[in-house]
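Here is the structure we will look at, set down as structure tokens.
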Amino acid sequence: MTELPQSEHPKEKLGDFMTTPVISIDVKASVQEAAHLMDTENASAILTTENGDHVGIVTERDFT
């Protein structure tokens with residue numbers, strides 16, 4: 001097994017890479033609704049929420 005490269009900046013946080021506001025959709029939404037939201041927001045990924053909590057992610061790759 002190969003070792004993963006170490007970050008040059010070990011103190012980087014997830015928030016350093018995310019845009020705000022975070023785009024999310026309810027887990028009960030359809031795939032079409034998620035795709036439409038991603039298109040209108042020009043987002044390559046959106047978080048899924050359930051009862052106000054982030055529980056997953058949908059990415060462009062999920063559609064291919």
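Each value in this text was obtained by applying a stated rule to the coordinates, not by laboratory testing. On a predicted model such as this, the values are computed, not experimentally measured, just so you know.
Computed values, structure above
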read-out: Amide H within-cut-off set for Ile23, under 5 Å, with H built and near neighbours excluded; value: Leu47
read-out: Gained length - Val31 relative to Arg61, 0.36 nm times residue gap less alpha-carbon distance; value: 9.5 nm
